[in-house]
Amino acid sequence: MRNLILVSATLFTVANTFAQTLTPGINLSHIDSTVSPRNDMFKFANGKWLKTQQIPASDGSWGSFNEINERNIVNLRALIADITKDATAPVGTNKQKLRDFYLVGMDSTKTDKDGIKPISADLAAIDLIKTKSDLIKTSAMLNKKGVQSMLGFYVYSDFKNSNANTCYLGQTGIGLPDRDYYFDAQYETIKKEYQDYIVRMFECLGNTPEIAKANAAIIMNVETELAKVSQNATEQRDIEKQYNPYTLVELEKITPNINWNTYFLSIGIKTPQKLVLNNVKFYEGLNTTINSISVADWKVFLKWKLIDEAAPYLSNNFITESFKFKGTVLSGRKSMKPRYKRVQGALDEALGEALGKFYVDKYFNGNSKKKVNTMVDNLVASYRERLNSREWMSAETKLQGQKKLDKLIRKLGFPDTWINYTALSIGKESYWKNVCNGRKFQYGRMLAKIGKPVDRMEWGMTPPTVNAYYNPTSNEIAFPAGIMQVPFFDPNADDAFNYGVMGAIIGHELTHGFDDQGAQFDADGNLKMWWTEKDYQNFKDKTKLIIEQFNAYVAIDTLHVNGELTQGENIADLGGLTMSYYAYKKSLNGAKSPVMAGYTGEQRFFISWAQGWKTLMRDAALKQQVATNPHSPGNFRAIAPLSNMTEFYEAFGVKEGDGMFRPAEKRVNIW
């Protein structure tokens, strides 16, 4: 068995030995010294930034992630400009595909001239539907293009046999952000706006106002029926309830009105003999509505799903109406992003690793990857120590937790093996066709996984992405090249800064392996109870405290944060920041932290964390986030973990009566 003894303290260093050349990392111009960090660390660390920044008209929010993303967009635009200048790139090469996808996407004159021509063949196919069998076949055809229907099929690693890919059926078909939008009175205005949006889109398709209104009523009826049997965002966090394996015979018994052989033959595979249903109630309900709703109404539903999905890639009238609802009503955005930004986003979706290869070759600093890798070593070692110190866990459970750390897969920067895009055809016919070809290519790659072992080296994000993730079924953490930048990581900054932000991000992803969902997966990525019954109950008792803490936060007006929906991310924030703090302390090798820019290392650690979460949000975007997103608003992510950490209290002298103070009995201490 692998030796679990901690590595020596000399491991804990990120910076080079020339400490005098390092910067403090934190942005002093953002600090508002009129606010006490003991009362509101978020406003202290970011006060001047909050007062001087404005959310761009094209965005629903603005913060650190956006800053890096905008930098990446500028770099990608320059890179793409070089690619598009090369008219000699041979047909079939990645450069040709990137070039033609981008140039066709940027040709707004052509998309306006084409009107609905790019989707005319699919509209005709929907018009030809006469029977339920036709309905299923056409739904399958649209699914391969990334267009929703009433059926949600996908392939993913088996929750209880993580080395094998399995076939899943998920709930699908609703157009509003969450099922609660169809029934909760607080969303009534948005629901009305959605119906008006549907009317306008059918008018863009050429329908008369009367027919468009009739179609919108049909859509609202169909989607409401689907929503009745759907789970909301919070319910979908229950992993055990998302795993319901059915044999084909069993599935046919609860859905006799759905011809599964027709569906799977139409997407090009043999009918699976086993499928995992994420929501059994949804398919039981669909079995009824597939008959109770007429074929004519289902045809209207499929047309809606097609035009709604295709709108951003069609003529300007479709684009404008789509933005009015999805951009302005749902997110409060005032204007669309420039076309080149939208096309770059579509290019990343279709040819992300081809674009990513050019990106890392030109812009990624390999030295950053080495330093972040060292930080991962340090955080894992810190986690080992913290895990062993948990008095509420038995030795048996601790050993299993250590095994998760033993088998952790790390992915930094970019894939070792890039996706081969040979089978993807990109031409000059239409923007929408190229988007569909990209989606059908990815769909084909998904289908090819059936019956094959899971490729644990496959990435779930493209290299330029400003994000990171933990995947419980493969027990992996991944940090794309795009996130390894200021203000999250600075190779020229002191350790306190880098541990306060990038270290905490690494710790955050590590902690997802031990949050309310990740804790249910073992070291091999299987949904399996590896805790003793008593230890797991102790863990659940502790998570209740963090749920209560976030339930008390008022995001806007009288709308509270949903502590249950956000608990996984909140556990990860607290655990990640805690791990990173102790990794930073280890990096000092027993020495006192250096004072830089007037702050101790411990203070700069916490300031950098709070500055990493600087955020401004429009009201509409904030309301949608609270309703549907498992991440809490940035201001609460900045302060909540700190109010639970004695180490923060010591760094800034927080005392009872201060705004950041929480009574000891209410402080959350899990990892």
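Table for the structure above
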read-out	value
On Cα atoms only, tilt of 188-204 relative to the major axis of the chain in degrees	50 degrees
Per DSSP, loop trypsin sites (Lys or Arg not before Pro) in the stretch 409-443 with at most 16 further Cβ within 10 Å	Lys428
Tilt relative to the chain, helix 64-85 - C-alpha long axis, 0 to 90 degrees, to 10	50 degrees
Likely footprinting exposure, Met457, Met617, fewest C-beta neighbours within 10 Å first	Met457, Met617
Ranking of Val668, Val276 by count of other Cβ atoms within 10 Å, fewest first	Val276, Val668
Whole-number Å³ per residue for the convex hull built on Cα positions in the stretch 514-592	141 Å³
Across Lys110/Lys191; Lys113/Lys191; Lys213/Lys303, pairs whose alpha-carbon gap is larger than 23 Å	Lys110/Lys191; Lys113/Lys191
For the stretch 211-226 and the stretch 248-304, distance of Cα centres in Å	20 Å
The chain, dipole about Cα centre (Lys/Arg Cβ +1, Asp/Glu Cβ -1), debye to the nearest 20	1280 debye
q = 0.08, 0.19 Å⁻¹, the stretch 118-313: log10 I(q)/I(0) [Debye, one scatterer per Cα]	-0.27, -1.45
Two-site FRET efficiency, Asn420 against Ala57, from Cβ-Cβ distance with R₀ of 30 Å, rounded to 0.05	0.15
Interchain or long-range residues, amide H under 5 Å from Tyr469's placed H	Ala478
Normalised contact order of the chain, rounded percent, pairs of Cα under 8 Å and 6 or more residues apart	23 percent
Sum of side-chain charges, Lys137 neighbourhood, beta-carbon under 13 Å (Lys, Arg +1; Asp, Glu -1)	+2
The stretch 38-130: chymotrypsin sites (Phe, Trp or Tyr not before Pro) falling in loop per DSSP and having at most 13 other Cβ within 10 Å	none
Residues of type aspartates and glutamates that Lys48 reaches as a straight line, Cα spacing below 17 Å, ignoring anything fewer than 8 places off in the same chain	Asp32, Asp40, Glu67
Degrees separating the helix 209-228 axis from the principal Cα axis of the chain, which is the longest one	50 degrees
The chain - mean residue ellipticity at 222 nm from DSSP helices (-39,500 (n - 2.57) per run, n ≥ 4, rounded to 500)	-16000 deg cm²/dmol
Compactness relative to 2.2 N^0.38 Å, alpha carbon Rg of the stretch 84-187	1.55
Enclosed volume per residue, in Å³, of the convex hull spanned by Cα atoms of the stretch 482-542	118 Å³
Using alpha carbons only: equivalent-ellipsoid semi-axes of the stretch 229-303, gyration tensor based, whole Å	22, 19, 12
DSSP-loop GluC sites (Glu not before Pro) across the stretch 321-422, with at most 12 other Cβ within 10 angstrom	Glu391
Exceeding the 22 Å Cα-Cα cut-off - candidates Lys145/Lys281; Lys132/Lys270; Lys132/Lys241; Lys43/Lys324; Lys398/Lys452	Lys145/Lys281; Lys132/Lys241; Lys43/Lys324; Lys398/Lys452
Scattering profile of the chain at q = 0.07, 0.09, 0.10 Å⁻¹ [log10 I(q)/I(0), Debye over alpha-carbon scatterers]	-0.49, -0.84, -1.05
Anchor Lys449: aspartates and glutamates whose Cα lies under 20 Å away (excluding residues fewer than 8 positions away in-chain)	Asp158, Glu349, Glu353, Asp416, Glu458, Glu476, Asp524
Links that overshoot a 30 Å alpha carbon limit, given the list Lys192/Lys334; Lys274/Lys341; Lys95/Lys433; Lys407/Lys623; Lys95/Lys404	Lys274/Lys341; Lys407/Lys623; Lys95/Lys404
Efficiency of FRET between Glu240 and Thr88 - r from beta-carbon atoms, R0 56 angstrom, step 0.05	0.50
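All of the numbers you see were taken from the coordinates with simple rules; none came from a lab. Just so it is clear, the structure is predicted and the values come from calculations on it, not from any experiment. Using ideal geometry, Cβ is built from the backbone for each residue, glycine included, and neighbour counts are taken over all protein chains shown.
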